[in-house]
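Let me begin by presenting the structure, written as structure tokens, before commenting on it.
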Ligand code: ADP
Ligand code: MG
């Protein structure tokens, strides 16, 4: 029997439909502590929906997500599951940091204030503590000199690094990235991937990264998962899945992505 802290995320049999479209057809994901899992797959294969199910931004139609061993979005009383209210859900979501393709920073707040906002509001940190934390994280993502800058004055890469710092400010046990570099100009991709790489290496952060950056997957991931049509087609060590995939669908996808 493993303890909850061994697995920041365990998802079992996740199913999700939108109307008659079945987007997730029973997906299992286990993430062990400190592991970096990269998820690849064509557009529409259900990757974003899977991440959104993990933090209960979408309610799965079937299956269960355990975050540090606790059911996500529900309280278990005896054998019954009761859905949590928005407030309780928000507290639970603090364990899961999420970084999206679009940075979603508050435009009227500085970089530092963006990072301070959730720790103040959700965790109840004092202004001083939140500011100290924000400044430490700005150093970590290489933006110490941008603390007082508003998002509009930052490049896309810098904004995405602030978004990563903002996610880290909640001291999550896992970070979920949904195509964090897809909206960036090519010359800004590297600085964001570098911050993510250092999180994996120096901080041993547990991470699930949906990405088309095959080089990042090859160099940083402990495991690569290929999804298509709402199922996990195959997964394994990066060099096995990327260099020598066992499934034709994976081969076809990689051939298209690499050209
Ligand atoms: P991916 O991230 O792999 O591109 P998504 O999870 O975003 O895939 O989407 C999978 C499918 O589900 C797509 O066909 C998409 O149009 C559909 N979909 C996603 N979210 C919704 C929604 N809220 N309502 C209806 N359809 C959705
Ligand atoms: Mg997506």
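Laboratory data are not the source of any read-out in this text; all were calculated from the coordinates shown. Please read these numbers as outputs of a predicted model, since none were measured by experiment. Cβ coordinates were reconstructed from backbone atoms using ideal geometry, including for glycine residues, and neighbour counts include every protein chain displayed.
Odds and ends about this structure:
- Qualifying residues in the stretch 56-70 (those that are in contact with a strand residue (DSSP E or B) (Cβ under 7 Å, 6 or more places away or on another chain) and in a loop (DSSP other than H, G, I, E, B)) - the one surrounded by the fewest Cβ atoms within 10 Å (Cβ to Cβ): 61
- Top-ranked residue of the stretch 190-219 - restricted to ones that are away from ligand 2 (no atom under 16 Å from the Cβ), in contact with a strand residue (DSSP E or B) (Cβ under 7 Å, 6 or more places away or on another chain) and not in a helix (DSSP H, G or I), ranked as nearest to residue 43 (Cα to Cα): 207
- Number of positions in the stretch 71-96 that are outside any loop (DSSP other than H, G, I, E, B), surrounded by 14 or more Cβ atoms within 10 Å (Cβ to Cβ) and in contact (Cβ under 8 Å) with a residue 24 or more places away in the chain: 4
- Tally of residues being part of a helix (DSSP H, G or I) and either within 16 Å of ligand 1 (Cβ to nearest atom) or surrounded by fewer than 24 Cβ atoms within 10 Å (Cβ to Cβ) (or both) across the stretch 166-189: 6
- Scanning the stretch 101-122 turns up one or more residues that are in contact with a strand residue (DSSP E or B) (Cβ under 7 Å, 6 or more places away or on another chain) and within 16 Å of ligand 1 (Cβ to nearest atom).
- Residues that are within 16 Å of ligand 1 (Cβ to nearest atom) and surrounded by fewer than 22 Cβ atoms within 10 Å (Cβ to Cβ), drawn from the stretch 190-212: 212
- Of the residues making up the stretch 40-55, one or more are part of a strand (DSSP E or B), under 30 Å from residue 197 (Cβ atoms) and within 16 Å of ligand 1 (Cβ to nearest atom).
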